[in-house]
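S.K.: Could you have a look at this structure, given as structure tokens, before my questions?
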Amino acid sequence: MNRFRRLRVSPQMRRMVRETKLSKSDLIYPLFVEEGQNIKTPVQSLPGIYRYSIDRLDDILQQISKSGISGLIIFGIPAHKDDKASCAYDDNGVTQNAIKYIKKNYPELIVIADVCLCEYTSHGHCGIVSNNKILNDETLPLLAKMALSLAKAGADIVAPSDMMDGRVKAIRKILDENGYIDIPIMSYSAKFSSEYYSPFREAAESTPKFGDRKTYQIDCANSREAMREILDDIDEGADMIIIKPALAYLDILKSAREICNLPIAAYNVSGEYSMVKSAAKTGIIDEKRIVMENLLCIKRAGADIIITYHALDAAKWLNDEEKQ
Ligand code: PBG
Ligand code: ZN
């Protein structure tokens with residue numbers, strides 16, 4: 001008989017033989033910044049998450065800085081939306097100004113800038129629309145302009161999440177041509193069309209006004225197609241890739257780990273967060289235990305980095321464990 005229980009006898013023994021570890025440096029916190037003044041609005045669909053105007057950011061930035069996590073991914077919500085997503089690539093746009101503010105005052109934080117048009121378009125789609133179609137090639141120059149503008153503002157990493165074909169190449173080209181050779185691209189390579197994004201769309205005001213995102217985001221039935229997307233993004237020059245969502249897609253994460261040597265980030269998305277928060281609120285589950293289990297399992301499946309709304313709570317819990 002094999003005695004597996006020998007290595008499970010005490011917390012010390014279990015800790016020593018643990019195969020996977022979660023660290024504060026693995027974590028990235030999503031931050032919503034809204035145009036305007038004196039705003040700190042709770043997001044109803046994401047308990048504990050707020051939308052801030054730039055003048056109210058200090059409180060959360062100090063928390064992020066003290067927490068020991070690596071940094072944040074920023075989503076801007078402009079006051080003005082139009083069919084060309086003008087504010088997305090305005091050097092004085094809300095996202096650009098927020099990045100300038102953060103990098104000036106909190107240079108130690110890694111700032112990842114999400115590159116996508118949906119928060120900036122009047123119709124809420126991630127690309128340019130004509131006759132109810134989302135145009136691919138016409139969208140690429142705008143995404144490239146947006147990435148350049150975010151890099152100019154001081155973003156450490158740009159993260160295209162639009163799922164247009166060819167965008168990594170277009171972004172790499174414009175960054176290089178303008179001297180931003182050292183700005184990495186973290187590409188949302190395997191971004192599935194998912195109901196798990198619904199709470200985010202309320203936070204970012206980015207729900208499409210017609211149709212859905214199924215003509216550009218990956219069908220949740222497809223794993224092999226996701227691997228083709230990843231290999232193609234690597235070919236186009238991606239430095240890191242993102243798998244999104246995370247928990248229902250751990251098989252994708254595992255397969256990605258096998259075919260790819262780049263750092264992999266998993267995006268533990270809004271719906272995953274809100275479901276945990278709802279269940280915890282009713283007392284059905286213990287929030288801390290379920291969150292720490294979920295995050296560790298995402299790492300076990302192959303993630304190096306986890307983007308999660310739980311990041312600040314998880315950092316606190318990791319600190320508590322260290323003190324024990
Ligand atoms: C923008 C974007 C989305 C998310 C990140 N970037 C939403 C979408 O594709 O509709 C989702 C994040 C989350 O649900 O937490 N394209
Ligand atoms: Zn989008």
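S.K.: With both bridge residues required to lie in the chain, what share of the DSSP beta bridges run antiparallel, to the nearest 5%? Numbers along the way, then the final one.
M.R.: Working: 6 of 39 bridges.
That works out to approximately 15 percent antiparallel.
S.K.: With axes computed from alpha carbons, what is the tilt in degrees of helix 140-153 against the longest principal axis of the chain, rounded to the nearest 10 within 0 to 90?
M.R.: It is inclined by approximately 70 degrees.
S.K.: Sequence gap at least 6, Cα distance under 8 Å: using those rules, report the relative contact order of region 139-242 to the nearest whole percent. Show your work: numbers first, answer last.
M.R.: Values: 124 pairs, mean separation 34.1, N = 104.
Averaging sequence separation for qualifying contacts and normalising by length gives 33 percent for region 139-242.
S.K.: Would you mind checking Lys145/Lys277; Lys100/Lys288; Lys24/Lys277 for any pair whose Cα atoms are more than 27 angstrom apart?
M.R.: The answer is Lys145/Lys277; Lys100/Lys288.
S.K.: Which parts of region 107-142 would a label at Lys152 reach, counting a residue when its backbone N lies under 16 Å from a point 7 Å out along Cα-to-Cβ?
M.R.: 141-142
S.K.: Let me have the relative contact order for the chain, percent, based on Cα pairs under 8 Å that are six or more residues apart. Each step should come with its number before you reach the end.
M.R.: Numbers: 615 pairs, mean separation 58.2, N = 324.
Relative contact order for the chain comes out at 18 percent.
S.K.: Any number yet on Rg/Rh for region 135-205, C-alpha, Kirkwood? Let's see the in-between values first.
M.R.: Numbers: Rg = 13.1 Å, Rh = 13.0 Å.
Value, to two decimals: 1.00.
S.K.: Is it possible to state the helix-based mean residue ellipticity at 222 nm for the chain, with each DSSP H run of 4+ residues giving -39500 (n - 2.57), the sum divided by total residues, to the nearest 500 deg cm²/dmol? What is it?
M.R.: Numbers: 11 runs with 123 residues, N = 324.
Rounded to the nearest 500, the figure is -11500 deg cm²/dmol.
S.K.: One-quarter of the Cα convex hull surface for region 1-85, in nm²?
M.R.: Details: hull surface 40.9 nm².
The Cα convex hull of region 1-85, projected and averaged over all directions, gives 10.2 nm².
S.K.: If I stretch the segment between Asp286 and Ser122 completely, what's the gain in nm (0.36 nm per residue apart, minus their alpha carbon distance), one decimal?
M.R.: Values: separation 164, 0.36 × 164 = 59.04 nm, distance 4.02 nm.
Result for the pair: 55.0 nm of gain on full extension.
S.K.: Using the Karplus curve 6.51 cos²θ - 1.76 cosθ + 1.60 with θ = phi - 60°, work out ³J(HN,Hα) for each residue of region 297-312 in order, rounded to whole Hz, and write x for Gly and Pro.
M.R.: Result, ordered by residue: 5, 5, 5, 4, 5, x, 7, 9, 10, 10, 8, 8, 5, 7, 3, 6 Hz.
S.K.: Still on this structure, please answer the following. Sorted by mean Cβ packing within 10 Å, highest first, what order do the peptides 214-224, 62-72 take?
M.R.: Values: 214-224: 13.9, 62-72: 18.6.
Going by the mean number of other Cβ atoms within 10 Å, highest first, we get 62-72, 214-224.
S.K.: Then there's this: Stick to the Cα atoms of region 36-142, pair each with every other, and give me the Kirkwood hydrodynamic radius in Å at one decimal.
M.R.: Numbers: mean 1/r = 0.0659 Å⁻¹.
When all Cα pairs of region 36-142 are included, the Kirkwood radius is 15.2 Å.
S.K.: Please list, short to long, the whole-number percent of alpha-carbon pairs of region 98-185 in consecutive 10 angstrom bins beginning at zero.
M.R.: Distribution as computed: 18, 47, 28, 7, 1 percent.
S.K.: How far is it, in nm, from the label point at Lys173 to the one at Met13 when both lie 7 Å from their Cα along the line to the Cβ?
M.R.: Calculated label separation equals 6.1 nm.
S.K.: Run the quick spin-label model on Asp82 and Ser278: label points 7 Å from Cα toward the beta carbon, then report their separation in nm to one decimal.
M.R.: Simple spin-label model gives 3.9 nm for this pair.
S.K.: What number, in percent, do you get for the relative contact order of region 170-324 if the mean sequence gap of Cα pairs under 8 Å and at least 6 apart is divided by its residue count? Please report the intermediate quantities before stating the final value.
M.R.: Working: 190 pairs, mean separation 37.1, N = 155.
Averaging sequence separation for qualifying contacts and normalising by length gives 24 percent for region 170-324.
S.K.: Further question on the same structure: When the gyration tensor of the chain is built from Cα positions, what are the square roots of 5 times its three eigenvalues, in whole Å, from largest to smallest? Numbers along the way, then the final one.
M.R.: Working: eigenvalues 206, 105, 74 Å².
Gyration-tensor ellipsoid for the chain: 32, 23, 19 Å.
S.K.: Now, a different point. Relative to the longest principal axis of the C-alpha atoms of the chain, give the angle of the C-alpha long axis of helix 270-281, reported between 0 and 90° and rounded to the nearest 10°.
M.R.: In the chain, helix 270-281 runs at an angle near 40 degrees to the longest axis.
S.K.: Would you mind computing, in nm to one decimal, how far apart the modelled labels at Asp320 and Lys104 are, each placed 7 Å from Cα along Cα→Cβ?
M.R.: Result for the modelled spin labels: 3.8 nm.
S.K.: Under 17 Å Cα-Cα from Lys254, which lysines qualify once same-chain neighbours fewer than 8 residues away are excluded?
M.R.: In chain and number order, the partners are Lys21, Lys191, Lys244, Lys299.
Quick note: the coordinates plus some simple rules give every number you see, no bench work behind them. Just so we're clear, the structure is a prediction, and the values are computed from it rather than from any experiment. Because the Cβ atoms are built from the backbone with ideal geometry, glycine has one as well, and the counts that use them run over all protein chains shown.
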